[in-house]
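First comes the structure, then the notes that go with it.
Just so it is clear, none of the values below were taken in a lab; they were calculated from the coordinates. This one's a predicted model, so the numbers in the text were calculated from it and none came from an experiment. Here the Cβ is made from the backbone with ideal geometry for all residues, glycine too, and neighbour counts use every protein chain on show.
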Amino acid sequence: MDQFLTDKEFDIIVDSDFLLTKAGIIQKIVGKFDELRIKMIDQVGKSNFMGPENVDIKEGKVFRGENYKNLPYVVLDYPKHFSQRSVFAVRTMFWWGNFFSITLHLQGEDLDNLRGVLVEKENNLREKDIWFCCNSTPWEYRYKEDNYTMLDSLDPDELKSQFRKKEFIKLSRKIDLTDYGTLEAFCLESLALYLNVIAKPQ
């Protein structure tokens with residue numbers, strides 16, 4: 001008899017309830033992210049945020065997928081602007097089995113316009129549990145040493161140097177999945193932090 005499945009694998013394929021429960025969980029998270037999107041829109045509307053002219057601050061987007069590193073995910077991009085020449089985005093992410101995160105991603109022209117502000121406000125980012133992306137690509141989200149390092153571990157001069165010359169900047173915060181009850185407050189707090197740091201003096 002060719003028993004090509006392990007006992008654990010067999011238990012899973014005969015358990016249809018697992019996939020039904022998974023589908024329900026993903027739908028709830030999509031719904032929560034959509035609620036969060038609406039609250040973020042309201043928060044930005046009440047703030048003094050002055051982003052790039054082409055940044056979307058009216059709608060945002062929630063989407064889902066099944067295969068980031070072979071695991072399901074849900075993403076909310078708000079505010080957002082993606083083009084070949086520029087990126088300005090705050091990305092909230094649920095990654096199955098891993099974390100909830102919220103990341104500020106700046107690249108291209110949008111980053112160039114904000115480099116001086118980031119350098120000036122470098123100290124405002126301290127002691128906020130922020131991770132700094134040290135990778136050569138902005139499209140990795142794992143909190144591994146080859147992708148993220150704690151911002152507080154960087155010397156101020158080194159961080160300022162990165163702000164001045166790096167091709168992209170990603171600042172990120174995360175919480176464990178067990179802290180899902182604090183997700184909304186965590187994301188709204190993080191959004192306010194990011195917008196304050198990149199706000200240009202009036």
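Once phi is turned into ³J(HN,Hα) by the Karplus curve 6.51 cos²θ - 1.76 cosθ + 1.60 with θ = phi - 60°, what whole-Hz value does each residue of the stretch 107-116 show in order, with x for glycine and proline?
Residue by residue, the stretch 107-116 yields 7, x, 4, 4, 5, 4, 6, 10, 4, x Hz.
If amide hydrogens are placed 1.01 Å from N in the peptide plane, which non-local residues have theirs closer than 5 Å to the one on VAL87?
GLN107, GLY108, GLU109, ASP110, LEU111
Using the structure shown, select from LYS69/LYS200; LYS46/LYS166; LYS69/LYS170; LYS8/LYS32; LYS46/LYS170; LYS22/LYS58 the pairs with a Cα to Cα distance greater than 29 angstrom.
LYS69/LYS200; LYS46/LYS166; LYS8/LYS32; LYS22/LYS58
Give me ASP152, ASP176 ranked fewest to most by other Cβ atoms within 10 Å of their Cβ, as a rough exposure proxy.
So the residues, fewest neighbours to most, are ASP176, ASP152.
So what's the back-of-envelope 222 nm ellipticity for the chain, counting only DSSP H runs of four-plus at -39500 (n - 2.57) apiece and dividing by all residues, rounded to 500?
-11500 deg cm²/dmol
Suppose every K and R has +1 on its Cβ and every D and E has -1 on its Cβ; what is the size of the dipole of the stretch 75-127 about the Cα centre, in Debye to the nearest 20?
120
When N is the residue count of the stretch 131-202, what does its C-alpha Rg come to as a fraction of 2.2 N^0.38 Å? Numbers along the way, then the final one.
Numbers: Rg = 13.7 Å, N = 72, 2.2 N^0.38 = 11.2 Å.
Dividing the Cα Rg of the stretch 131-202 by 2.2 N^0.38 Å gives 1.23.
What list do you get for SER83, SER16 if you sort them by fewest beta carbons within 10 Å?
Ascending Cβ contact count within 10 Å gives the list SER16, SER83.
Among [x] 18.9, 75; [y] 24.5, 84; [z] 20.5, 67, which one is Rg and Dmax of the Cα atoms in Å computed from these coordinates?
Label [x] holds the value from this structure.
Charges only on Cβ, +1 for Lys and Arg, -1 for Asp and Glu: so what's the dipole of the stretch 110-174 about the Cα centre, in debye to the nearest 20?
Values: 13 positive and 14 negative charges, 38 e Å.
For the stretch 110-174, the charge dipole is close to 180 debye.
Report, in debye and to the nearest 20, how large the dipole of the chain comes out about its Cα centre when Lys and Arg carry +1 and Asp and Glu carry -1 on their Cβ.
720
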